[in-house]
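One structure is given below, encoded as structure tokens.
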Amino acid sequence: MVAPADRPLLASRLAGIPPTIFSEMSALAVRTGAVNLGQGFPDVDGPASVVERAVGALREGANQYAPGIGVPALRQAIVRHQQRHHGIELDPDTEVCVTTGATEGIAAALLALVEPGDEVVVLEPSYDSYDAMIAMAGGVRRGVTLRAPDFRPDPDELRAAITPRTRMILLNTPHNPTGTVLTREELQSVADVAAEHDLLVVTDEVYEHLVFDDALSSEGHVPLASLPGMRERTLTLSSVGKSWSFTGWKVGWATGPAPLVAAVLAAKQWLTFTSGSPLQPAVAHALDHEPDWPLELARDLQARRDLLLDGLRSVGLAPRTSEGTYFTVTDVEHLGWEDGRAFSLGVAERAGVVPIPLQGFYAGDPAAGRHLVRWAFCKTGEVITEGIERLASADLAR
Ligand code: PMP
């Protein structure tokens, strides 16, 4: 017996949260030998010099607890990174905190800043850890729907989502899963609403460097914290995972005004206490000594995006030209499937290719995401080509 019979095993704050679709679809890909165009992890690791630095740190004895806030060398490197790429000045001792991936930054921020009953506004489709963590913090999620085919936020819908209970806007740009990069104008509408209603903003910018040169927003990625007046109310999250292709390292950072960073630390100390010691000097090395690596990755990714977009078009799908991230989205309704999940399972079986259905990302407006699926192009050209060939030789219609 694992639990008394008179109550459910799982605590109610977790019971309503479905298992993450990424684990389910990746397990399906492994089980069926399918090409995994679903989960967003690259097939090729980041720079060798960074791996060598991690090996060196392990050998040099960086094997005991790091300070909770992060090792000084990494915090200083994060400050230089924010300065160099975004012109944002930070104090390494009070305005930077190392996290166990951006995921821990999201968790810590929500647990620290959201009271039960507080409302958190998210762009929808929203990365699934947001919904889970809002629920675990006792918050109430309010979605602002990004609709196919262009997936842009409507400033009026954003305004309409704000109530007297709103505590926070939890933003994500470049946006997973749509590939939308918010323009300065769109960000300004977020900033205006936040200032007007005195809201906190947590902005997840893990794809900050993965923006393509034909982006709709010709400026590329604009950090929300760089807008006038936003620095004081914005907590910015990022990570080494996407920018330097080390998704398995789970080293991220939270930056912003000292009170917001202190709040993250107040929760983080009870979540993980500290993040992995030997990886921190290696991430500092990536930020300082491989500063252009993410920009080259973005150029290379753009070519792979185009390979995937052309391939998807050739099999009768109409992908969106993503402006950033690892992903593109297609609508599969015209193929006759009842929803994106049925399509994804059907395509895994018929073609041996696994995408990610998006209906779970549209918790507040399921109809808007029902027939959408996400495809990842952070894979090698060979893997993308293999995936497209498999799709081409299968019957994709229901
Ligand atoms: N935010 C977004 C939007 C993501 O796509 C991901 C990774 N899939 C994360 C956060 C998690 O980042 P990390 O691996 O650094 O925890």
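Each value in this text was obtained by applying a stated rule to the coordinates, not by laboratory testing. Everything quoted here is computed from the prediction, not taken from an experiment. Neighbour counts run over all protein chains shown; Cβ positions are idealised from the backbone, glycine included.
Mind checking the dipole of the chain: about its Cα centre, +1 per Lys or Arg Cβ, -1 per Asp or Glu Cβ, Debye to the nearest 20? Present the calculation step by step, with values, prior to reporting the outcome.
Working: 33 positive and 51 negative charges, 176 e Å.
Once rounded to the nearest 20, the dipole reads 840 debye.
For the range 165-294, what is the percent of antiparallel DSSP beta bridges, rounded to the nearest 5?
On the way: 4 of 13 bridges.
About 30 percent, rounded to the nearest 5.
Scan the chain and report its longest stretch carrying no chymotrypsin sites (Phe, Trp or Tyr not before Pro) that are both in a DSSP loop and have at most 12 other Cβ atoms within 10 Å. Don't jump to the answer; show the numbers that get you there.
Details: sites that count: Tyr65, Phe273.
The reported range is 66-272.
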According to the square roots a ≥ b ≥ c of the eigenvalues of the Cα gyration tensor, what is the shape class of the chain, taking rounded for a/c under 1.5, prolate for a/b larger than b/c otherwise, and oblate for the remainder? rounded
Once you place label points 7 Å from the Cα toward the Cβ at Gln83 and Ser393, how far apart are they in nm? 5.6 nm
Calculated FRET value between Gln64 and Asp6, using beta carbons and R₀ = 51 Å, to 0.05: 0.70
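Would you list the membrane-span-like helices of the chain, meaning whole DSSP H runs whose alpha-carbon atoms span at least 27 Å along their axis and whose mean Kyte-Doolittle value is at least 0.0?
none
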Distant-in-sequence amide H partners of Thr166 (H built 1.01 Å from N, under 5 Å): Glu119
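What's the longest piece of the chain with no exposed GluC sites (Glu not before Pro), counting a site as exposed if DSSP puts it in a loop and it has at most 13 other beta carbons within 10 Å?
Values: sites that count: Glu89, Glu219, Glu338.
That would be 90-218.
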Based on alpha-carbon centroids, what's the gap between the range 370-397 and the range 242-289 in Å, whole number please? 33 Å
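Roughly speaking, what is the stretch gain from Asp214 to Arg147, that is 0.36 nm per residue apart minus the C-alpha to C-alpha distance, in nm to one decimal? Please report the intermediate quantities before stating the final value.
Working: separation 67, 0.36 × 67 = 24.12 nm, distance 2.11 nm.
Taking Asp214 through Arg147 to full extension adds about 22.0 nm, to one decimal.
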Out of the DSSP beta bridges found with both residues in the range 48-289, what percent are antiparallel (nearest 5)? 30 percent
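Could you calculate the FRET efficiency of Phe22 with Val55 from 1/(1 + (r/R0)^6), where r is the beta carbon distance between them and R0 is 30 Å, rounded to 0.05? Intermediate results must be reported in sequence, preceding the final value.
Working: r = 29 Å, r/R0 = 0.96.
For Phe22 and Val55, the calculated efficiency is 0.55.
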For the range 99-129 and the range 140-193, distance of Cα centres in Å: 15 Å
Given axes a ≥ b ≥ c from the Cα gyration tensor, I'd like to know whether the range 45-84 is rounded (a/c under 1.5), prolate (a/b larger than b/c) or oblate. oblate
Would the range 305-398 count as rounded, prolate or oblate if I go by the C-alpha gyration tensor, calling it rounded below 1.5 in a/c and otherwise prolate when a/b exceeds b/c, oblate otherwise? oblate
